[in-house]
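Report on the following structure.
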Amino acid sequence: MQVLFNYNFNPEDIADLNFQALYEMRRRDSCFAFAFEKDNRIYALRDHFGTVPLYFSLRGDEIVFSTTLDQLITPESQLDVKGYKAYVAFGTAKILPLFKGIGIVPPASVIEIDRRSKEMKVCYTYRFKKCKLSRFCTIGELAELLDRLLLQAVKRTIKYHRVGLYFSGIGTDSFITAAYLRRLGVEVNAYTCSRWGQEGSEARYAPENAERAGVKKLFVDALNPEKVREALNKVIDVYKVPHGLPESVGIASLWLHTPLSTEKQIYGAQGADTITCTVGVQNVAYVYSFIPHFIRSRISNRLSGDVIDSYIKIYSKSLLNSSDMPPTIMGIIQSTPGKIQKLSLAGMLICHSLGDGELLSAPVINSGRLYSNPFYDVDVAELLLGLSLRHRLSFKPSVRQFLDKVVIRAIAKKYCYKEVVKKKGFTIPLEIYGIDKELEGFEAPTNIPTDSRFRFAAYVFHQYCKFRNIKLGVI
């Protein structure tokens, strides 16, 4: 076996080429990528949720693999329009190729490339399974089971006695991740970005929640106009790919102004909302799916397809639909029974967590450090996929949708989490920091919606091409 690329992977785990055993038993943490050559065939694989990107390109007679586009693009690289639309819509370049001649290994899959002919095929794809749970389980019993699996998820990923944690001062998920790390004897340095500055709820509540979770040291980066301007200019250097979510400015600022970039292992806690189908757009798509088709199609052309097609159209504002998505990814989603489960996986693999998780994982992975996330653990995810509707419903006034992560909140209460009802939001307030002005005055490569999120993505791509000397020309 000749190793061509390795991120967080033990080659012995696949020496027998038993890919089913690899994905179903040997690796369940969903944070790895690997490429190797054996018997004149090249194999490349990514973790279950595609946490680690794996791009590849033909260079002469060699195939080069990388987690970034920086190592694969040239000034002659040509834009792939559909890939550009996917990047603008979802904020990430991991779904469809952004440039022609650059391929992407699908998540949860293994591709096989013939060394001589360069013919490529997908030779294995993991199919997610709903955990079978008794319909008589109580919330308490489910919380106890999930508690054990989350602890296992953290335990199986720990490599260092001290780690960094991206800590939301008002979020349950990072709080319980810190609690598990401390329970296992790991020292935790927590890092919080207060996107609304010193007056934001993150800055106010992070110290108290960090103390409750047993955090050793907390670093709070309160944004101000100067920091935002500096971070905006550094996004492409921190990510080494175009990243189209405005929250990347906050992560870039943390990377520049705190010791986060020096930690050997960094934990995130993104994905819990998505895998439990509690993101607002998932709720909207789910509710509309019960309305007869002829009524939905009259309400909006975005609702004219099945639940996943509607979800993608709503989120992308009709830039793309399900038929535009890679067939391997759509096969993973559609093979899972249940509307909620399909929406959960579509959120993880296309609409939400792909870009949201990349906010932190990309800088960590690209710097050669270890990224971990207990909510990307496959055992945890499949338990959450198996929850019945009655274990998801919430009628709290503070929750705007009726699907909620009820079981996860029950665990947080066990660890004395102080919930903050009134939040100032997790997004970067573009207009407050003047970024909306920065987005004006440039020409996007193709027509896109005027929404500030899309314009931000287009602006970052524009800057990326400018500073990487890519001449896009007329499209």
Tell me the residue from GLU211, GLU230 that is surrounded by fewer than 23 Cβ atoms within 10 Å (Cβ to Cβ) and either touching a Lys or Arg at 6+ places or on another chain (Cβ under 8 Å) or more than 24 Å from GLN463 (Cβ to Cβ) (or both), please. GLU211
Within the range 73-112, of all residues that are under 21 Å from SER248 (Cβ atoms), in contact with a Pro (Cβ under 8 Å, 6 or more places away or on another chain) and not hydrophobic (A, V, I, L, M, F, W, C), the one surrounded by the fewest Cβ atoms within 10 Å (Cβ to Cβ) is GLY83
Residue in the range 450-470 that is more than 30 Å from LYS240 (Cβ to Cβ), modelled with pLDDT of 90 or more and either surrounded by fewer than 22 Cβ atoms within 10 Å (Cβ to Cβ) or not hydroxyl-bearing (Ser, Thr, Tyr) (or both) present: no
Residues that are assigned to a loop (DSSP other than H, G, I, E, B) and small (Gly, Ala, Ser), drawn from the range 78-123: GLY91, ALA93, GLY101, ALA108, SER117
Return a yes/no flag: does the range 280-301 have any residue that is of a type in the set (Gly, Ala, Ser), in contact with a Ser or Thr (Cβ under 9 Å, 6 or more places away or on another chain) and in contact (Cβ under 8 Å) with a residue 60 or more places away in the chain. no
ASP39 being within 22 Å of ALA381 (Cα to Cα) and either at pLDDT 95 or above or out of contact with any Leu (no Cβ under 6 Å at 6 or more places or on another chain) (or both): no
Please return the ranges of helices (runs of 4 or more DSSP H) entirely within the range 307-363 where 2 or more residues are among the polar types (S, T, N, Q) and surrounded by 19 or more Cβ atoms within 10 Å (Cβ to Cβ). 307-316, 339-346
The range 17-35: number of residues that are more than 20 Å from the chain's Cα centre (by Cα) and closer than 23 Å to SER372 by Cα: 8
May I ask you to list the residues in the range 16-67 that are of a type in the set (S, T, N, Q), on the phi < 0 side of the Ramachandran plot, assigned to a loop (DSSP other than H, G, I, E, B) and surrounded by 20 or more Cβ atoms within 10 Å (Cβ to Cβ)? THR51, THR67
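The values are calculated or read from the model by the stated rules, or taken from the named source; none is laboratory data. Just so you know, these numbers come straight off a predicted model, no measurement behind them. Quick reminder, even Gly has a Cβ in these numbers, built from the backbone with ideal geometry, and neighbours come from all protein chains shown.
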